[in-house]
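All remarks here apply to the structure that follows.
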Amino acid sequence: MGEQEAANPAVQQRGGQGSAGDGTEDLFEVPERGSADELLDAGAHDQLDAMRHSAAHVMAEAVLDLFPGARLGIGPAIRDGFYYDFELPRPLTPEDLEAIEERMRLSIAADHPFVRRELPAEAGRAFFAAHGQSFKVEIIDDLAAAAKAARRPMPPISVYEHGSFVDLCKGPHVASTGRIGPFKLLAVAGAYWRGDEKRPMLQRIYGTVWPSQEELDLYLWRRAEARKRDHRRLGVQLDLFSFHDVSPGAAFWHPKGQRIWRILEAAMRELQERRGYQEISTPQLVHKKLWQQSGHWDLYAESMFRLEIEGQEYSLKPMNCPESTIIYRGRLRSYRDLPLRLAEYGRLHRNERSGTLSGLTRVRHFVQDDSHIYVRPDQLRDEIEALLGEIREVYGWFGLEPQFAFATKPDKALGDPALWEKAEGYIREAFDRAGISYTLKPKDGTFYAPKIDIQVEDALGRSWQTATLQVDLVMLPERFDLEYFDEHGQPQRPIAIHRAVYGSLERFIGILVEHFGGAFPLWLAPVQAVIIPIADRHLPAARSLEAVLRSRGLRVEVDDSDNRMQNKIRVAQEQKVPYMLVLGDREVEAMTAAPRTRAGEQQPAEAWEVLADRLATEAAARRV
């Protein structure tokens with residue numbers, strides 16, 4: 001399954017001074033990926049974005065003041081902030097960021113107006129060439145080449161000025177620098193010009209700006225908390241997984257991480273058994289003819305790992321969808337066979353650029369809890385309603401509240417318009433019958449399917465897209481000529497539902513690590529309890545207690561190290577183990593244990609058998 005990106009509405013560019021709230025957020029057309037237009041997309045589509053884009057300009061002004069020979073890249077607004085790319089004579093230091101911030105404050109205090117001007121392209125090119133801004137010249141040249149290729153005149157270029165600073169820009173901006181709120185520069189990172197590793201490496205300065213100091217302080221606190229919860233750091237600390245250059249973008253799962261993986265997999269399999277899914281497994285290496293039939297070879301080839309075997313071209317599969325059709329077509333299907341729910345934990349490979357890889361949340365190799373459900377049109381509403389219930393149940397295991405967005409037919413949709421209308425009507429009815437509210441995303445479905453995107457908000461208030469449902473009217477049914485025979489013996493087309501609840505298990509585990517800060521609920525914790533014998537003479541009793549707990553299916557370890565008791569407790573707390581069971585002479589004699597929680601709460605002593613039953617019941621409940 002692939003995720004679709006929302007597009008900005010195509011609108012006309014206007015002249016005049018740009019200011020937040022005056023409509024200049026409508027300045028953009030949808031930029032083509034990698035184009036010069038994309039480089040000029042300020043990422044500013046509301047008032048706060050406009051403020052952030054304006055702050056990027058003020059930062060560029062400050063950098064040029066401090067480094068007169070700096071070459072400017074681009075500086076858009078992004079989620080929660082802004083950045084600007086620079087080619088500089090030396091690496092920046094923390095002291096440089098402080099100096100840049102001070103220059104920015106002076107510019108903001110001066111309250112310079114942002115003024116938009118239009119220049120003929122040649123005049124604009126000459127201006128930036130004279131100032132040594134070769135990256136800006138390249139953008140203008142690319143715009144001119146695109147206009148020539150389209151056989152249309154090159155339009156004027158727009159620049160924005162504040163004080164003495166001038167930048168190539170489509171806007172919008174706030175009215176003046178004094179309208180920029182409290183800000184903070186955050187970090188410096190390397191970034192290739194235009195994302196191409198063969199082009200110059202620039203220094204990217206990230207910053208954030210907010211309307212009020214309170215909002216800035218809250219954001220900085222959340223950012224600091226996010227660093228503590230970073231799954232890449234916790235993955236090492238908790239011995240869950242690691243990454244190595246011998247296989248970039250692929251996780252090496254350690255025993256504790258693999259345990260979490262299997263727990264999630266088992267919970268989903270149990271749900272699927274209840275719902276009548278049938279699990280399949282399909283090959284990872286697939287001939288290109290299948291991808292040609294599905295359309296991926298033409299549209300997705302750059303993201304596929306391709307190889308030649310005995311003169312034939314193959315690919316590691318980037319998604320599971322087409323192969324499920326081979327199972328479907330393995331025999332004739334009757335209307336009585338549907339719905340047919342085929343589930344697969346498919347190992348997928350996508351050729352992501354190395355610069356985009358990020359821990360578990362952006363990888364090249366991952367496993368998806370995919371299902372392809374084949375239904376008759378009259379079964380669609382009930383199946384969607386049941387799937388909405390599945391998603392709510394699963395996310396309830398983690399204390400997460402799913403938020404649903406319904407994306408409807410795009411302008412360039414394929415398939416029978418009447419079937420689209422009927423399918424969308426069934427989806428609305430399913431939402432209504434399930435009592436679930438949703439956000440409508442008009443015309444944002446895929447070309448072959450209306451879809452339901454699901455997001456969750458983690459403990460820090462960050463939104464993550466996770467699950468997805470796509471009601472496929474065209475791609476699998478039509479391209480692969482899928483049929484079932486109705487009660488009159490006539491061939492009919494099924495509808496295919498693409499369904500993933502966890503989505504990528506790698507990404508989902510990364511989200512969970514950060515949401516819980518590594519302190520997983522008891523049912524999900526890789527180690528649920530650590531038994532801590534105070535002295536060596538207590539070790540045999542610790543092993544006996546371990547056996548009692550394991551007999552109830554609990555995941556238990558005994559700390560038989562030479563550490564002192566307090567050090568053993570500290571280690572267990574650092575590993576975020578839910579319960580610590582300390583055994584001394586008194587506990588061994590009475591065959592009791594007084595659980596200590598990772599939060600430091602001391603619970604009453606209980607007999608071993610009673611304690612084992614209680615913890616097993618707590619774990620089985622899948623509560624947070």
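The values are calculated or read from the model by the stated rules, or taken from the named source; none is laboratory data. The shown structure was predicted, so the numbers you read here are calculated from the model rather than taken from an experiment. With ideal geometry, Cβ positions are generated from the backbone for all residues, glycine too; neighbour counts draw on all protein chains shown.
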Within the range 370-417, of all residues that are of a type in the set (Asp, Glu) and either surrounded by fewer than 16 Cβ atoms within 10 Å (Cβ to Cβ) or over 14 Å from Gln470 (Cα atoms) (or both), the one modelled with the lowest pLDDT is Asp416
Considering the range 514-547 alone, what residues qualify as being among the hydrophobic types (A, V, I, L, M, F, W, C), crowded, with 19+ Cβ neighbours inside 10 Å and over 30 Å from Glu457 (Cα atoms)? Val530, Ile531, Ile532, Ala541, Ala542, Leu545
Looking only at residues that are in contact with a Lys or Arg (Cβ under 8 Å, 6 or more places away or on another chain) and assigned to a helix (DSSP H, G or I) in the range 266-314, which one is surrounded by the fewest Cβ atoms within 10 Å (Cβ to Cβ)? Gln293
Give me the helices (runs of 4 or more DSSP H) completely within the range 525-600, filtered to those with at least 1 residues that are touching a helix residue (DSSP H, G or I) at 6+ places or on another chain (Cβ under 6 Å), ordered by residue number. 539-551, 585-590
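Could you please find all residues in the range 411-446 being under 20 Å from Glu478 (Cβ atoms) and part of a loop (DSSP other than H, G, I, E, B)?
Asp411, Lys412, Ala413, Leu414, Gly415, Asp416, Gly445
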Give me the pairs, please: first residue somewhere in the range 229-256 and in a helix (DSSP H, G or I), second residue anywhere and of a type in the set (Asp, Glu), beta-carbon distance under 6 Å, and either six or more positions apart or on two chains. Arg229/Glu514; His231/Glu514; Lys256/Asp239
Among the residues of the range 331-352, is there at least one that is in contact with a Pro (Cβ under 8 Å, 6 or more places away or on another chain) and assigned to a helix (DSSP H, G or I)? no
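Okay, residues lined up against (1) in the same structural domain as Arg462 (by TED's automatic domain parsing); (2) modelled with pLDDT of 95 or more; (3) not polar (S, T, N, Q):
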| site | (1), (2), (3) |
| --- | --- |
| Phe485 | yes, yes, yes |
| Gln490 | yes, yes, no |
| His498 | yes, no, yes |
| Pro521 | no, yes, yes |
If we scan the range 569-588, do we find a residue that is over 24 Å from Ala519 (Cα atoms), exposed (fewer than 13 other Cβ atoms within 10 Å of the Cβ) and small (Gly, Ala, Ser)? no
Of the residues in the range 315-330, those that are part of a loop (DSSP other than H, G, I, E, B) and surrounded by 11 or more Cβ atoms within 10 Å (Cβ to Cβ) come to Lys317, Pro318, Met319, Asn320, Arg329
Those residues that are part of a loop (DSSP other than H, G, I, E, B) and of a type in the set (S, T, N, Q), I need them from the range 362-410; list them, please. Thr408
Out of all the residues in the range 456-465, is one or more crowded, with 20+ Cβ neighbours inside 10 Å, in the same structural domain as Ser504 (by TED's automatic domain parsing), assigned to a strand (DSSP E or B) and acidic (Asp, Glu)? no
Does Glu546 meet the test of being in the same structural domain as Arg329 (by TED's automatic domain parsing) and modelled with pLDDT of 95 or more? no
